[in-house]
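Written out below as structure tokens is the structure these notes cover.
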Amino acid sequence: MIRITRKIEFSAAHFYHNPNFSAEENRRVFGKCNNPHGHGHNYVLEVTIAGEPDPTTGMVLDLKELKDILQTEVMERMDHRHLNHEVPELAGQIPTCENIAAVIWKLLEPKIKSGKLDRVRLYESPELFVDCTADATARDGARA
Amino acid sequence: MKLSLTRRYHFAASHRLHTAKLSEDENKRVYGKCSNPYGHGHNYVVEVTVTGPVDPETGMIANLGQLDPFVQREVIEPFDQKFLNEEVAEFREQAATTENVCSEIFRRLKGFPLARLERVRVEETSKNSFEIETDVNTLDEVRA
């Protein structure tokens, strides 16, 4: 099996706020990330596809195809957007790195027709990233 | 789908590779210039990966407001700007190799109460890194 990884970058704004919490609780739990004016990050997204190379093309999947999927599913939805207000898939969720990575996984998984989505790694900064991978138990189930 | 969160931390420390279990000649032969009795230093990078359910109230596996001070207290404060062989008790008895440093950091962090420690990876330089994963059964480090 071969893994191939494509990287993209997008810039977006967000802030953390839970309407179930009091103003004081929001400040305590989320700290300065609670600033209602929002703040932004240069997100770096690494998408890894796993599979066997096609014997004719020698490719697990056409990287151009993956590039187009990432453009449509991620860039157009999230680049230069406010994640709290402009991304319907995140509506009702706090746009943490965990929740954004999970949304990206759910958007990409059905679009990958050659190979399988193996990992979504989302960097919020060089010092913080989230990995989203297939659940080992679900994967075992699929194999059986 | 499984999510993990990784945070990178930094500390600078000196060490000397030397063990009382070997003669001076053997220490020189095994560790070479790393055995210089005056020591030498590195900018260490510690990558801490935790996993667990995402709290729907916060959207987080672990709040950095709690993870950062824990790592700061357990690892960064005791290790940063120190001579590991003399100033971290655990390395008086065992060589301060980065294998042992990684293992000691794992031991100090595995008690983090708010998420499960999944991996500790230590970069001694940008060219050398060492990592330890959690055994899912014992929650201790994976031993062969």
Open item on the list: Exactly one condition in (1) over 14 Å from the mean Cα position of the chain (by Cα); (2) within 22 Å of B:Glu123 (Cβ to Cβ); (3) open to solvent by 40 Å² or more (accessible area, probe 1.4 Å) is false for B:Arg7; which is it?
Closed with: (1)
Task: Criterion: surrounded by 15 or more Cβ atoms within 10 Å (Cβ to Cβ) and either away from chain B (no Cβ under 14 Å) or aliphatic (A, V, I, L, M) (or both) - qualifying residue of A:Phe10, A:Phe15 - done: A:Phe10
Open item on the list: Looking at the stretch B:1-22 only, could you name the residues that are touching a strand residue (DSSP E or B) at 6+ places or on another chain (Cβ under 6 Å), among the hydroxyl-bearing types (Ser, Thr, Tyr) and more than 9 Å from every other protein chain (Cβ to nearest Cβ)?
Closed with: B:Ser14
Task: Selection count where residues are hydrophobic (A, V, I, L, M, F, W, C), over 16 Å from A:Ser125 (Cβ atoms) and assigned to a helix (DSSP H, G or I), scope the stretch B:44-70 - done: 1
Open item on the list: Of everything in the stretch A:18-58, what is free of Cβ contacts under 8 Å to residues at least 40 places away in the same chain, buried (at least 16 other Cβ atoms within 10 Å of the Cβ) and in contact with a strand residue (DSSP E or B) (Cβ under 8 Å, 6 or more places away or on another chain)? Give them in sequence order.
Closed with: A:Cys33
Task: The lone exception for B:Leu114 - which of (1) more than 20 Å from A:Tyr123 (Cβ to Cβ); (2) touching a strand residue (DSSP E or B) at 6+ places or on another chain (Cβ under 7 Å); (3) surrounded by fewer than 19 Cβ atoms within 10 Å (Cβ to Cβ); (4) touching a residue at least 24 places away in the same chain (Cβ under 8 Å) it fails - done: (2)
TODO: Hey, could you check the stretch B:77-88 for residues that are crowded, with 17+ Cβ neighbours inside 10 Å and touching a residue at least 40 places away in the same chain (Cβ under 8 Å) and say which is nearest to the chain's Cα centre (by Cα)?
DONE: B:Phe79
- [ ] Could you check B:Ser23 against (1) surrounded by fewer than 20 Cβ atoms within 10 Å (Cβ to Cβ); (2) under 30 Å from A:His14 (Cβ atoms); (3) of a type in the set (Ser, Thr, Tyr); (4) out of contact with any Phe, Trp or Tyr (no Cβ under 8 Å at 6 or more places or on another chain) and say which number it fails?
- [x] (2)
- [ ] Exactly one condition in (1) touching a residue at least 24 places away in the same chain (Cβ under 8 Å); (2) under 21 Å from B:Gly59 (Cβ atoms) is not met by A:Val103; state its number.
- [x] (1)
- [ ] Could you run through the stretch A:107-137 and say how many residues are more than 8 Å from chain B (Cβ to nearest Cβ) and in a helix (DSSP H, G or I)?
- [x] 6
- [ ] Could you look through the stretch A:94-111, keep only residues that are touching a Gly at 6+ places or on another chain (Cβ under 9 Å) and farther than 13 Å from A:Asp131 by Cα, and pick out the one that is surrounded by the fewest Cβ atoms within 10 Å (Cβ to Cβ)?
- [x] A:Pro95
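The values are calculated or read from the model by the stated rules, or taken from the named source; none is laboratory data. Everything quoted here is computed from the prediction, not taken from an experiment. Cβ sites come from the backbone with ideal geometry, for glycine too, and all protein chains shown count toward neighbours. Quick note on the areas: whole protein, heavy atoms, side chains included, nothing else; ligands and nucleic acids left out. Shrake-Rupley method; radii C 1.70, N 1.55, O 1.52, S 1.80 Å.
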